[in-house]
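Taking it in order: structure first as structure tokens, then the write-up.
The values are calculated or read from the model by the stated rules, or taken from the named source; none is laboratory data. All values derive from a computational prediction rather than experimental measurement. Because the Cβ atoms are built from the backbone with ideal geometry, glycine has one as well, and the counts that use them run over all protein chains shown. In case anyone asks, the SASA skips ligands and DNA or RNA and just uses the protein heavy atoms, side chains included. Shrake-Rupley method; radii C 1.70, N 1.55, O 1.52, S 1.80 Å.
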Amino acid sequence: MKIVVTVKLVPDPNAEKKIDAGSKRLVRTGIETVLNPYDEYAIEGALKIKESLGGDTTVTIFSMAPAASKEVLRKALAMGADDAVLLTDPALEGSDVRGTAYAMAQGIKQTGFDLVICGGLADDGSTGGVPGALAEYLGVPGFTNCRQVEVAGGTLKVQRETDSGYQVVSGPLPALVSVTMAIGEPRYASLKGIMGAKKKSIATLALAALSVDGAVGGDGAKTEVRAVAAPPVREKARVVEAPDGAAGARAIFDLLKEKKLV
Amino acid sequence: MPYAGTDFYNLDAALSAEQRQARDTVRAFVDDRVLPVIEDAWLEGRFPSELVPLLGTLGVFGANLPEEYGCAGMDNVAYGLIMQELERGDSGLRSFASVQGALVMYPIFAFGSEEQRKRWLPALAKGEKIGCFGLTEPDFGSNPAGMLTRARRHGDGWLLSGSKMWITNGSRADVAVVWAKVDDGDADSIRGFLVERGWPGFSARDQKGKHSLRASDTSELAFSDVELPAQSVLPKSGGLKSPLMCLTQARYGIAWGAIGAAMACFEQALEYSKTRVMFDVPIGAKQIQQEHLAEMLTEITKAQLLAYQLGRLKDAGTMKPAQVSLAKRNNVDMACNVARAARRMLGANGILAEYVPMRHMANLESVYTYEGTHDVHALILGQALTGMSAF
């Protein structure tokens, strides 16, 4: 079985970030590029499936990123993935969610897959839109927000997180899943894994090698960022006084319920 | 927010991708697994042995030894960075890794038979087996050549008698690398032996009442006519030079490790100086505290550059033991001073276990003394400079 994990390379989530007023895009200069933290959970999910199935199951990392990104992909390989494919082409720059999903779908079709695993969203754009669009362009069922993924007898069984609990859903392969952080803490890249990653293959794919008949990149984007604004200043904290612990607990519960957090 | 490290001179840019990744993976491990438990373990006087299998899975033990024996095969700068991060957690944890890797796995690799290497190195790398290193004796610390432990020929093998003291991991070790004079010879007769737990006549007990390295086991080893089989000797060991070669490996790691302890203390002092208000302003706004911080940063940065170049020399195969002495001596002394300055900057809070400086400060007093005391390293440097021994 061939598992493909999509990963995005994002600016260090802990770095202070600025938006360029002209392009309305994130200023990446001087900020380290790292694996999207949510995608590390996708890699963990894939490695768990590989370990449970054994045999000839492989995990391939797939990323659409600038050509200089190979070093970051090595971290994914150091965690235990078998190889990586980097879809890179200057013409892809500025792709929106649709263009990204479309181009990645063409690359993943060429790479071959039985199961695609995505992180829930990217730390930079945070749209969470790519997994659904990617499933559509791949023409396979998409299972989003999965907290558990099992593959047995060629069938996929997942637990999907919902506001009130989780759903158990099954479907055929090939398929796509996106995972939540409940899939399990990403493993550390072991020192042997780090050394072994140097010897693993990172293939590059350019657009010319794919059958891309739709526009991608900035020119092909169907969406446009019209304005960028800082989030509103948080309201002052509300202090609720309660006569005793039980009443305090009730007040907290009511507040959480009002916010639909329980 | 993950720990970003003290890196005033952007040494990060000089590191290879593997070196950075090795450091980052151990750094994350220390943040996630060590820092949450180390304060209690230290107060309880308990080595956090639950971390050993995890460190084995990470590949920390003997990380600079070859892959064919189950090790990571990393370069020495990466190995040093690993030691730095472990000691940022606690000197006891780094001591465990130093002993396991540099003082047990290294001699088995360097002086052992192929059979000994294959039997022990993969298990030691995984942390499935634990080792200790027996050189120091109650009356022979800085002067190991005077050791009283003897291995006398007995049939095909030897009879081992004597005792060792200040042995890290001694009571939990599955195998002890023990150095003894053969047949009452002089220092040139010293050879290394692999002595296994449970062999009749071999016992170990912990030394209690330590004010330092409390999260580490320190033990006495006793050998009462222990029968050693012929194959227990490390065949390529010979003379005092052999254990001293092991110490050079361990001292190299200590030169890096001390930086980690200093970084932990400095950063806590820096953070504290920004938040602790006295006379209506953060104490960091006071010139006297800024001078303390500037001094700490300066000394840490110098130590980092020293360790980095030492690592490059080791990787190039040109590192000399005296260069290791200089780095161990300077960096541990630096860390002692930084820990003490940080402790003082934290005022009364600085004596509490919930802050790191006093724990590191107490640990570093051992590090100052072990693996060649500060003064012994001055004598090694003096001898290297003048050609005259002042021991």
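Among the residues making up segment B:57-78, those that are within 9 Å of another protein chain (Cβ to nearest Cβ) and within 13 Å of B:TYR252 (Cβ to Cβ) are B:ALA63, B:ALA78.
Of the numbered criteria (1) within 21 Å of A:GLU44 (Cβ to Cβ); (2) in contact with a strand residue (DSSP E or B) (Cβ under 7 Å, 6 or more places away or on another chain), the one A:PRO141 fails is (1).
Rundown of residues vs (1) modelled with pLDDT of 90 or more; (2) of a type in the set (Ser, Thr, Tyr); (3) open to solvent by less than 90 Å² (accessible area, probe 1.4 Å), yes/no style:
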| residue | (1), (2), (3) |
| --- | --- |
| A:THR162 | yes, yes, yes |
| A:ALA182 | yes, no, yes |
| A:LYS199 | yes, no, no |
| A:VAL216 | no, no, yes |
| A:GLY220 | no, no, yes |
| A:GLU235 | no, no, no |
| A:GLU241 | no, no, no |
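Within segment B:260-302, being of a type in the set (Gly, Ala, Ser) and either over 34 Å from the mean Cα position of the chain (by Cα) or farther than 18 Å from B:PRO357 by Cβ (or both) holds for one residue alone: B:ALA285. Of the residues in segment A:122-130, at least one is within 14 Å of chain B (Cβ to nearest Cβ) and farther than 19 Å from A:THR60 by Cα.
Could you list all residues from segment B:1-18 that are free of Cβ contacts under 8 Å to residues at least 24 places away in the same chain, within 9 Å of another protein chain (Cβ to nearest Cβ) and touching a helix residue (DSSP H, G or I) at 6+ places or on another chain (Cβ under 7 Å)? Correct list: B:ALA17 only. In segment A:29-118, counting only strands (runs of 3 or more DSSP E) that sit wholly within it, the ones holding 1 or more residues that are away from chain B (no Cβ under 14 Å) and surrounded by fewer than 21 Cβ atoms within 10 Å (Cβ to Cβ) span A:58-64, A:83-87.
What about B:PHE96, is it touching an Asp or Glu at 6+ places or on another chain (Cβ under 7 Å), away from chain A (no Cβ under 14 Å), open to solvent by less than 50 Å² (accessible area, probe 1.4 Å) and within 23 Å of B:ALA339 (Cβ to Cβ)? No: the conditions fail for B:PHE96. Within segment B:116-145, residues that are free of Cβ contacts under 8 Å to residues at least 12 places away in the same chain reach partners that are crowded, with 22+ Cβ neighbours inside 10 Å and part of a helix (DSSP H, G or I) with beta carbons closer than 9 Å, at six or more positions or on different chains, in the pairs B:ARG119/B:ILE108.
Restricting the search to helices (runs of 4 or more DSSP H) fully inside segment A:172-262 and requiring at least 1 residues that are in contact (Cβ under 8 Å) with a residue 60 or more places away in the chain and touching a helix residue (DSSP H, G or I) at 6+ places or on another chain (Cβ under 6 Å) gives A:191-197, A:217-220.
Residues in segment B:19-44 that are surrounded by 15 or more Cβ atoms within 10 Å (Cβ to Cβ), more than 18 Å from the chain's Cα centre (by Cα) and away from every other protein chain (no Cβ under 14 Å): B:LEU35, B:VAL37, B:GLU39, B:ALA41. Screening A:LYS157 on (1) surrounded by 17 or more Cβ atoms within 10 Å (Cβ to Cβ); (2) at pLDDT 95 or above; (3) not in a helix (DSSP H, G or I) shows it passes everything except condition (1). Against the definition (buried (at least 24 other Cβ atoms within 10 Å of the Cβ) and either away from chain A (no Cβ under 12 Å) or at pLDDT 95 or above (or both)), how does B:ALA123 come out, yes or no? Answer is no for this residue. Out of the residues in segment A:184-194 meeting the condition of being open to solvent by 20 Å² or more (accessible area, probe 1.4 Å) and not hydroxyl-bearing (Ser, Thr, Tyr), tell me which one is farthest from A:VAL85 (Cα to Cα). In this case the residue turns out to be A:GLU185. Just one of the listed residues (B:SER219, B:SER212) is part of a loop (DSSP other than H, G, I, E, B), polar (S, T, N, Q) and in contact (Cβ under 8 Å) with a residue 24 or more places away in the chain, and it is B:SER212. Scanning segment B:45-55 for residues that are charged (D, E, K, R) and more than 18 Å from the chain's Cα centre (by Cα) yields one hit, B:GLU50.
Could you tell me whether segment B:129-139 includes any residue that is in contact with a Gly (Cβ under 7 Å, 6 or more places away or on another chain) and either part of a helix (DSSP H, G or I) or hydrophobic (A, V, I, L, M, F, W, C) (or both)? Scanning segment B:129-139, I find at least one residue that is in contact with a Gly (Cβ under 7 Å, 6 or more places away or on another chain) and either part of a helix (DSSP H, G or I) or hydrophobic (A, V, I, L, M, F, W, C) (or both), so the answer is yes. In summary, A:LYS222 fulfils each of the numbered conditions (1) out of contact with any Gly (no Cβ under 9 Å at 6 or more places or on another chain); (2) of a type in the set (Lys, Arg); (3) more than 14 Å from chain B (Cβ to nearest Cβ) with the single exception of condition (1). Tallying residues that are facing another protein chain (nearest Cβ under 9 Å) and not hydroxyl-bearing (Ser, Thr, Tyr) within segment A:188-211 yields 9. Within segment A:1-42, the set of residues being without any contact (Cβ under 8 Å) to a residue 60 or more places away in the chain and either within 18 Å of A:THR100 (Cα to Cα) or touching a Ser or Thr at 6+ places or on another chain (Cβ under 8 Å) (or both) comprises A:ASP12, A:THR33, A:LEU35.
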